Amino acid sequence: MAQDTEPLQILLVNPPLAGPAAPPRALARAAGALRGLGLRPALWDASLEYWLQELLGPRPEAASPLAVLRGQSFWQPEHYLSAEQEIQRLLAAAGRPWAPARFTWQGLEHPGLTSLAQAAAWAGDQARNPLYGFLARGLEARLGPETSLLVLSLAAPGQWLGALSLAAAARRLRPKTRVALLGPALPPAGGPFHYQLAGPGELLRLAAELAGQSAPERPAAAPDFSGLPLDQYLSPEPVTELGPVLWAQRQGEGEGLKALAQAGVRLVRWRLEEGGAAPPAERLAALRRLLRAAARAGLWSHLQLPRRAPEALLRGLLRLLGLNPHLAHSWSPPPAWPWSPAPAAPLRADIGGYSQLPPLPGRPLWQALAEPAHLSLYLARHGCPQVSRWRVRADGRSVYTLGRGVTYHFHPPSEVPKERLEEIAQLVLAGGRVRPKWLRHNLARAYVVGWAEEEGVLVGTDTLKRPRPEYLAVIKSYSGMDLTGYTERGYISVRPEYRSLGLGGQLIKQLVARAGGLKMFVIVGRDNPSGEQVLAHNQTRLVTTYYSHKMGKEMGIWMPVDQEPPPMEEALRGAR
C-alpha cells in the first residue's frame with residue numbers, strides 16, 4: 001500500500017572518473033526504470049562535471065582540444081589524435097600534485113591502494129583525495145534532508161575510487177541518507193555502502209520497498225537521458241547509444257545481422273557465455289562463422305574476452321583475434337576491477353609465426369581512439385572498411401591507410417637481394433602451411449618471385465616456382481595427373497592485417513601475367529577455405545583432389561579456368 005507521504009527522493013550519480021565522450025547509459029537505464037515506477041530521480045553526472053570544472057576548465061590550453069573534440073575537426077584522424085595527446089598531457093599535469101594517484105581517459109588510478117580498507121580510508125582523506133572537496137560541494141548542493149537514497153552507478157573500474165569518495169562524503173553530510181552501489185561487478189560485502197545492487201531490477205525492487213509500492217516484474221526498458229547535459233560531452237554530436245551496441249550472450253544469434261546493419265547499427269560487441277558446454281573448437285568455429293557473417297553485413301565486431309574460460313578456448317580466442325583482424329576488428333580484456341583476480345599473464349592477441357617478422361609501423365586507429373563512443377561515431381561517419389584500415393604511426397599523430405601505398409615487385413630470384421629472399425621465406429613460413437625443407441631451395445630456383453610492401457615492410461608474397469621432378473612424381477602417383485612442364489604458383493602469404501584488401505588477388509593477377517605462356521597449377525589443402533576462396537575469386541578452378549599421406553590431408557589441384565588439365569592416368573593413382 002502506497003504511503004501518504006512525500007514521494008521517495010532519489011539522487012542518481014555517475015561517479016568520477018568515466019570517459020567524458022558520451023552520457024552514461026547505465027545511469028539513464030536506472031532513471032528509466034525508476035520513472036517507470038512513477039519516481040522522478042535527480043541525475044548528476046559528477047564525472048563530466050569533474051572533467052570540465054577541475055581537469056580541463058581551469059586550463060586555457062584545454063580550449064583548443066575541446067573545440068576539436070566537439071567540432072568538425074573531430075572527424076579528421078590527425079586533428080583528433082593531436083587533441084587527444086594534448087588532453088593526455090593535461091591529465092598528467094593535473095595528477096602530479098596527487099601522486100601516486102593519476103588521471104587517465106579511463107578514470108582515476110592509484111596503484112598504492114591494494115585493499116578495500118586502504119581505498120576507503122583514502123577516499124575520506126581530504127588532504128590526499130583530489131576528488132573529495134569537489135564531490136562534497138556537489139552533494140551538499142544536491143542532497144537535501146529529504147533525500148532518502150543516493151545511488152552510485154558504477155559502470156567502469158576507473159569510477160571505483162570516485163564511488164568510495166561519494167559514499168564517504170555522503171556519510172558525513174547526510175548520515176541518514178542510504179547509499180546504494182549499482183553496477184555489473186560489485187566488491188565483496190563490507191564496504192561503505194548500505195546496498196549493493198546488480199542491476200536496474202534490484203534497484204527497482206529496493207525503491208519500491210522504500211516507497212511502500214509493489215515493484216513491476218520487469219524494469220522499464222527505455223533509458224531516460226533527459227536529466228543529463230547532452231550538449232556538454234566531448235563529442236561533436238550526442239551519443240546516447242554506443243553504435244548502438246548489441247551484447248550477444250550466445251554464439252547462435254547470427255540471424256538478423258543484415259537487418260541490424262540496415263537499421264544503422266555499426267558496432268556489435270560480442271562476449272562468449274562463460275561455462276558453455278560445447279568443446280572449445282566447436283565454440284571457436286561457431287564464433288568465426290558469426291564474425292564472418294557480421295563482417296559481410298558491414299558490421300564492426302568487438303570481442304570482449306571472458307574472465308573465466310578453459311585454457312584451450314582462451315588460446316583459441318587470442319589466436320582468432322591476432323590472425324583475423326578483418327573479422328574481429330577490435331577487442332578488450334575483461335574489466336580490471338580491483339577485487340577481480342588478475343590474469344595469470346597479460347592477454348595479447350596471438351599472431352603466431354608473424355610475430356617473428358618486423359612489426360607494422362604504429363598501431364590500429366581503434367586502439368588510439370580514447371573511448372568507445374568515439375569509435376562508434378567514426379564507424380557511423382567513415383564506415384567499417386575505412387576505420388579498419390586506418391593505422392596510426394609511431395609519432396601518435398599521423399595516419400596511413402593500409403593498402404593505399406602498396407608497391408608490387410616481380411623479379412627472377414637472381415635479381416632479388418638475399419636479405420629480401422630470406423624475409424620472403426619467413427613470411428611464407430609464418431602462414432604455417434608450408435614446410436621449410438625445400439622452401440629456400442625452391443625460391444632460389446623460381447621463375448619469378450613477387451612481393452608487396454608498404455611503409456617499408458614486407459606485407460605479401462607469391463611465387464612462380466619450378467617444381468622439382470621428384471615432387472611432380474609424387475603428385476602423379478597420388479593424383480594420376482602428369483604436370484611435367486608446368487609452373488606451380490605457390491608460397492602465397494599475406495600478413496593478417498592486409499587480408500580482405502585485395503592484395504592476394506593483385507599478386508596472383510600480376511604473376512599470372514608474367515607466366516610467359518607456361519601452363520600453371522596451384523595446390524591447396526582442402527582444410528584452407530580462405531585460400532580456396534582467393535583462388536575461386538581469381539579465375540581459377542578446382543580440377544581434381546587427392547589424399548596426401550605425407551601431409552595427412554586431402555589436397556586440391558587448381559588451374560586457370562581457361563586452361564585444360566592434362567589427362568588423368570588412373571593406373572598411377574595412389575590410394576585415396
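Is there a residue in the stretch 402-418 that is closer than 25 Å to VAL68 by Cβ and in contact with a helix residue (DSSP H, G or I) (Cβ under 9 Å, 6 or more places away or on another chain)?
Going through the stretch 402-418, the residues closer than 25 Å to VAL68 by Cβ turn out to be 402, 404.
Restricting the remaining residues to those that are in contact with a helix residue (DSSP H, G or I) (Cβ under 9 Å, 6 or more places away or on another chain) gives 402, 404.
Checked the stretch 402-418: at least one residue is closer than 25 Å to VAL68 by Cβ and in contact with a helix residue (DSSP H, G or I) (Cβ under 9 Å, 6 or more places away or on another chain).
Residues in the stretch 175-183: is at least one under 21 Å from ALA336 (Cα atoms) and either without any contact (Cβ under 8 Å) to a residue 40 or more places away in the chain or part of a helix (DSSP H, G or I) (or both)?
Checked the stretch 175-183: at least one residue is under 21 Å from ALA336 (Cα atoms) and either without any contact (Cβ under 8 Å) to a residue 40 or more places away in the chain or part of a helix (DSSP H, G or I) (or both).
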Could you check the stretch 498-516 and list, in sequence order, the residues that are modelled with pLDDT of 90 or more and either more than 28 Å from LEU402 (Cβ to Cβ) or surrounded by 19 or more Cβ atoms within 10 Å (Cβ to Cβ) (or both)? TYR498, LEU501, LEU503, GLY504, LEU507, ILE508, LEU511
So, first residue on the phi > 0 side of the Ramachandran plot in the stretch 401-420, second residue surrounded by 10 or more Cβ atoms within 10 Å (Cβ to Cβ) and in a strand (DSSP E or B), Cβ within less than 8 Å, six or more apart or across chains; the pairs are GLY403/GLU454
Could you please find all residues in the stretch 148-174 being assigned to a loop (DSSP other than H, G, I, E, B) and within 18 Å of ALA42 (Cα to Cα)? LEU154, ARG174
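For GLU470, state whether it is modelled with pLDDT of 95 or more, of a type in the set (Asp, Glu) and part of a helix (DSSP H, G or I).
For GLU470, the condition - modelled with pLDDT of 95 or more, of a type in the set (Asp, Glu) and part of a helix (DSSP H, G or I) - is not met.
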Looking at LEU375, LEU305 in this structure, which one is closer than 23 Å to ALA156 by Cα, in contact (Cβ under 8 Å) with a residue 60 or more places away in the chain and buried (at least 16 other Cβ atoms within 10 Å of the Cβ)? LEU375
Of the numbered conditions (1) within 29 Å of the chain's Cα centre (by Cα); (2) not in a helix (DSSP H, G or I), HIS409 fails exactly one; give the number of that condition. (1)
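Out of LEU39, LEU55, report the one residue that is buried (at least 18 other Cβ atoms within 10 Å of the Cβ), of a type in the set (A, V, I, L, M, F, W, C) and farther than 25 Å from ARG218 by Cβ. Don't jump to the end; show me each part of the working.
Working: LEU39 fails: farther than 25 Å from ARG218 by Cβ.
Unique residue meeting the criteria: LEU55.
The values are calculated or read from the model by the stated rules, or taken from the named source; none is laboratory data. Because the structure is predicted, anything quoted here is derived from the model rather than measured. Note: ideal-geometry Cβ built from the backbone for every residue, glycine included; neighbour counts use all protein chains shown.
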